[in-house]
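Below: one structure, written as structure tokens.
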Amino acid sequence: MNDPRVPWRHKRREMMAIARINPVAKWLAKNKRRSDAGCKSCKKAREQRGASTENLPEETHGHINSAFCDGMAATVMAAHHFIWRHLYASMQTAQTPTSKLRFVTPDKECSMNTLWQEEVLEQICSRESLMEKAADIAKTISAKQNERARYDFDPTMFYENRFWNRRPDDIVINQNHRTLSILEFKWSSDRNEDFLVVKEYEANEQHRSIIEALKAAAPEWMFEQINFVAGRRGAVVENDFYNKLEKLNVQAGKRTGFWRCMCSAYAKRMTLM
Ligand SMILES: [Zn+2]
């Protein structure tokens, strides 16, 4: 908000979002300035691909800033990656001098399939043994509604593909201590105070099959997931955020500036949208 490079219209939009008075369809319909609360972006995206525009989701601030909005999904995901890459790069450059952590993931987002071509990960356990262990675990996570057709076509292939297509935001290892951490960044609505708990659960469920398969395939290693959760209106649970930076060997003096840096990355991203 204090950054003079951010145009006023973007600041105004953010202030309206914080005050919960931005003119989304739900708000306009509530104030009788629009007849329905359906999302315009979803409608346009559906029209473009010739799909039905029946039962449109409500256009709320949370909806249009989420990957659930057909029309905004690509932009929202691009903003997520932009902010995460910024945080990831900052964590790498602020490592304590004695840190033995190795940030494995290359610059772009990649799937488990691509990640397990990295020699350093294959040394922990082979693709074959990981797949063998994952096969049993994957079956305990049922197919979602939108995955049903692929599951019905070939259940075994579906579980296998779903496992190798999972995309953890990053992987960090310490070969000396034999620890591997999966990092996940969630950019969430912070309308409710329990957003951290909700998103932690969601993120852990998302990569549960990876963690459990790894534990079974390489019992001599320790595996955990570290989730960074940030609210779209700028909230972050500070203790939680800083504890996680500490866990990842980020120098103490540099931790406090991280959130401000992320916010300015976010503001910069929004000006490009
Ligand atoms: Zn939408």
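The figures follow:
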quantity: Verdict on Val104 being among the β-branched types (Val, Ile, Thr), within 18 Å of the chain's Cα centre (by Cα), more than 16 Å from the ligand (Cβ to nearest atom) and modelled with pLDDT of 85 or more; calculated: yes
quantity: Exclusive hit being under 30 Å from Ile64 (Cα atoms) and modelled with pLDDT of 90 or more, set Tyr242, Tyr201; calculated: Tyr201
quantity: Any hit, segment 221-241, residues being polar (S, T, N, Q), surrounded by 14 or more Cβ atoms within 10 Å (Cβ to Cβ) and within 24 Å of Val104 (Cβ to Cβ); calculated: yes
quantity: Options Cys42, Cys125, Cys69: the member that is on the phi < 0 side of the Ramachandran plot, touching a Cys at 6+ places or on another chain (Cβ under 7 Å) and modelled with pLDDT of 90 or more; calculated: Cys42
quantity: Helices (runs of 4 or more DSSP H) lying entirely in segment 40-151 (those with 1 or more residues that are assigned by TED's automatic domain parsing to the domain that holds Asp170 and without any contact (Cβ under 8 Å) to a residue 12 or more places away in the chain); calculated: 73-93, 112-115, 119-122, 127-138
quantity: Failed item in (1) exposed (fewer than 15 other Cβ atoms within 10 Å of the Cβ); (2) more than 15 Å from the ligand (Cβ to nearest atom), with Met91 passing the rest; calculated: (1)
quantity: Sole residue being within 12 Å of the ligand (Cβ to nearest atom) and of a type in the set (S, T, N, Q), chosen from Ser66, Ser99; calculated: Ser66
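The values are calculated or read from the model by the stated rules, or taken from the named source; none is laboratory data. Everything numeric here is computed off the predicted structure, so don't read it as measured data. All Cβ positions, glycine included, derive from the backbone under ideal geometry; neighbour counts span all protein chains shown.
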